[in-house]
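Comments concern the structure below.
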Amino acid sequence: MESNQIHVDALVVGGGIAGMQASLDLADQGFQVALVERDPSIGGKMIGLSKVFPTLDCCSCITTPKMAAVAHHDNIKLLTYSEVQAVTRNGNGFLAQVLRKPRYVREEDCSGCRSCELVCPLDLPDNDNEFGRTAHRVIYVPFTTAVPQTALIDIDYCLYCGKCIKACPTNAIDFNQQPQNLEIEAAAVILATGFQVTPYDAKKEYGAGKLRNVIDGLMMERLLAPTGPYGRVLRPSDGKLPDSIGYVQCAGSRDETLGVPYCSRVCCMYAIKQAMLLSGALPLADITIYYMDIRTFGKGYEQFYQNAKAMGIEFVKGKVARITEDEEQNPIVRVELIDEFSRVVERKHDLVVLSVGMLPGYNPEAIYAVPTAEDGFVQIPDYNVSPTETVQEGIFATGTATGPMDIVDSIMTAGAAAAEASAYIRAHNGHRAKPEAAPEKRSMVYA
Ligand SMILES: Cc1cc2nc3c(=O)[nH]c(=O)nc-3n(C[C@H](O)[C@H](O)[C@H](O)COP(=O)(O)OP(=O)(O)OC[C@H]3O[C@@H](n4cnc5c(N)ncnc54)[C@H](O)[C@@H]3O)c2cc1C
Ligand code: SF4
Ligand code: SF4
């Protein structure tokens, strides 16, 4: 295995919107940043979303410029498909051991032309980005707007037929590529490891993932996205355009039986957003949102909710007890109507969406000695005063790594983490960027 070392001011772990923003905020001040992302592309969950509440701006249009800015910033060293394996204290800073997983394609040579995809003979379900609804070749660029636009090979399924090697115009494919070890010396660390959604098969009362026309909020995001698998909303069992769609709120939040007692904060808003987008995509469809409470806490959010009601989206205050299906695989929702003395009714839909909540994406305890709180998210001892400081001096956390939050709050905490990290670097290690250089071009000088 090759081994080499780089020196930076800050190591940022996780390349979702929070990690990208924290990296850019530091890099724009002249600090040197290494951004480590475990997936083959940066962008996190946000790059897969359709539009964003409450403005309904196109998600790709907001995210891709940030991804490109990260990739092209002189002060950011981007390490995708990489994982931090160990971190030790190094004076006032840290020494991180990073594993770069082999893509079997040399990043520096690959132009992302996708000629290899055209000749590769085998398709695999795209489980990472499209929930298995589309396929990619054994060699593939992760998705259209991926950054970097670099192919990788799923070596477990490769036939070693060599067709991609012949097709590659830049001779980028290297079956002998090995994992690489990299040592990163950093003055501060920012954890931006994000979230995962509550598994949609977690609740047996809701069909335990076995009802084909019951999907979750992230799957619906892909169906609604312009870059999605079909370019339209089709229900999974038979490809029919749904006429009646039901949303089940708090499906995996505020639920002691799943060990998730907290509110995930974004599900009400994303359900309302999706309902509005569905009203546009399927103007004749009936859309019903079954909720216990609607929580629209942010700027412009309550108005967004009122607009949805005015558009004819039906809001039913009720607790969904069970979802079953009829012989045509139409989901049947059994709901207790809270405003009607708990009367129980059953309503049939073509498609049901579970508004799944947020769970922590990663537990940093073993590697960073940063504990998690009772809810499993990174523990922030003094949240009201220093919302990004962990128990470890010099290690900060941002975005949904610290708890459920939306994009606006993820970006705000990223700015806060960058500011805290910047102050820490200056106070404990000195500002290592060359003072005479222009801010965005500064490079670090080490003794
Ligand atoms: C269905 C749905 C719809 C939504 N719609 C909206 C909306 O319209 N508007 C809005 O404001 N919010 C919305 N949200 C919330 C939004 O997705 C989040 O606020 C935002 O994506 C959080 O960004 P993040 O960077 O904290 O986390 P993530 O997007 O999860 O990014 C974390 C990154 O860290 C990487 N990572 C994790 N662990 C490691 C590790 N150990 N090493 C290296 N890398 C690691 C991950 O691969 C990922 O790239 C929605 C959420 C859902 C579920
Ligand atoms: S060698 Fe592997 S990746 Fe290349 S074309 Fe053949 S199956 Fe696809
Ligand atoms: S590996 Fe070669 S053929 Fe495939 S995308 Fe990269 S440059 Fe193009």
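Rule-based calculations on the coordinates, nothing more; no lab input. If you're wondering where the values come from, they're calculated on a predicted model, not measured in any experiment. Glycine gets a Cβ as well: all are built from the backbone with ideal geometry, and neighbour counts include every protein chain shown.
Dividing the mean sequence gap of close Cα pairs (under 8 Å, 6+ apart) by how many residues segment 281-341 holds gives a relative contact order of 31 percent. For the chain, averaging the sequence separation of C-alpha pairs within contact (under 8 Å, six or more residues apart) and dividing by the residue count gives a relative contact order of 20 percent. Taking the square roots of five times each eigenvalue of the Cα gyration tensor of segment 238-315, the equivalent ellipsoid has semi-axes of 23, 17, 9 Å, listed largest first. Here segment 1-134 carries DSSP beta bridges of which approximately 55% are antiparallel, counting only pairs with both residues inside. Taken along the Cα-to-beta-carbon direction at a fixed 7 Å, the label points for LYS166 and LYS299 span 5.9 nm.
As a calculated quantity, the FRET efficiency between GLU346 and ARG89 at R0 = 56 Å, using C-beta atoms, amounts to about 0.40.
Structure remark: mean-square fluctuation, Gaussian network model of the chain, C-alpha springs under 10 Å; the largest value among GLY228, GLY312, GLY16 belongs to GLY312. On a per residue basis, the convex hull of the C-alpha atoms belonging to segment 115-167 measures out at 78 Å³. Charged side chains reduced to their Cβ positions (Lys and Arg at +1, Asp and Glu at -1) give segment 199-358 a dipole of some 400 debye around its Cα centre. Beyond 33 Å, what share of the Cα-Cα pairs of the chain is found? Please give it as a whole percent. Here the long-distance tail beyond 33 Å is 41 percent of all Cα pairs in the chain. Residues whose amide H falls under 5 Å from that of LEU122, counting only those 5 or more places apart or on a different chain, are VAL138, with hydrogens built in the peptide plane. Within the listed set LEU234, LEU79, LEU284, the Gaussian network model of the chain (springs between alpha-carbon atoms below 10 Å) gives the highest mean-square fluctuation for LEU284. Each residue of segment 211-217 was assigned a 3J(HN,Hα) from its phi angle through the Karplus expression (A = 6.51, B = -1.76, C = 1.60, θ = phi - 60°), giving 7, 5, 9, 10, 10, 10, x Hz with x at Gly and Pro.
Fewest-first ordering of CYS116, CYS110 by other beta carbons within 10 Å of each residue's beta carbon gives CYS110, CYS116.
For LYS299, the lysines whose Cα comes closer than 21 Å to its Cα, not counting residues fewer than 8 places off in the same chain, are LYS51, LYS273, LYS309.
Stretching ARG106 away from ASN181 to a fully extended chain increases their span by 25.4 nm, per 0.36 nm per residue minus the current alpha-carbon distance.
From its DSSP helices (H runs of at least four residues, each -39,500 (n - 2.57)), the chain gives a residue-normalised ellipticity at 222 nm of -6500 deg cm²/dmol. For the options ASN363, ASN176, ASN90, a Gaussian network treatment of the chain with springs between C-alpha atoms closer than 10 Å singles out ASN176 as fluctuating the most.
The distance from the alpha carbon centre of segment 338-364 to that of segment 214-258 is 12 Å, rounded to a whole number. Based on Cα contacts under 8 Å between residues 6+ apart, segment 199-358 shows a relative contact order of 31 percent. Applying 1/(1 + (r/R0)^6) with R0 = 35 Å to the Cβ-Cβ distance of GLU328 and ASP57 gives a FRET efficiency near 0.40. List the residues whose amide H sits under 5 Å from the amide H of GLU325, counting only those 5 or more places along or on another chain, with H placed 1.01 Å from N in the peptide plane. Hits under the 5 Å cutoff: ILE332. What the phi angles of segment 32-42 give under the Karplus curve with 6.51, -1.76 and 1.60, with θ = phi - 60°, is a coupling list of 8, 10, 10, 10, 10, 10, 6, 7, x, 9, 7 Hz, glycine and proline written as x. Counting only residues at least eight positions apart within a chain, or on another chain, the lysines with an alpha carbon under 18 Å from that of LYS348 are LYS210, LYS240, LYS317, LYS319.
Bridges between two residues of the chain, per DSSP, are antiparallel at a rate of about 55%. Phi angles across segment 78-88 convert, under the Karplus curve 6.51 cos²θ - 1.76 cosθ + 1.60 with θ = phi - 60°, into 3J(HN,Hα) values of 9, 10, 8, 6, 9, 9, 6, 9, 7, 9, 10 Hz, Gly and Pro given as x.
Name all residues of segment 152-195 having a backbone nitrogen under 18 Å from the label point set 7 Å from the Cα of LEU122 along its Cα→Cβ direction, giving them as ranges. Backbone N within reach: 152-167, 173-177.
With N as its number of residues, segment 199-358 has a Cα radius of gyration that, divided by 2.2 N^0.38 Å, comes to 0.97.
A simple count of charges around GLN21, restricted to other residues whose Cβ falls under 13 Å of its Cβ and scoring Lys, Arg +1 and Asp, Glu -1, yields -2. Spin-label model, GLU393 to ASP154: label points 7 Å out along the Cα-to-beta-carbon direction sit 4.7 nm apart. Paramagnetic label reach from ILE338 (point 7 Å along Cα→Cβ; backbone nitrogen cut-off under 17 Å): within segment 283-301, residues 288-297.
Take the Cα of GLU314, step 7 Å toward its Cβ, do the same at GLN97, and the gap between the two points is 5.9 nm.
Measuring r between the beta carbons of ASN363 and ASN384 and using R0 = 30 Å, the FRET efficiency lands at 0.80. Bridging of LYS77 to lysines at a Cα separation below 24 Å is possible for LYS45, LYS66, LYS101, LYS434, LYS441, once same-chain residues fewer than 8 apart are set aside. Close amide H partners of THR198, meaning residues 5 or more places away or on another chain with modelled amide H under 5 Å apart, are GLY357, MET358, LEU359.
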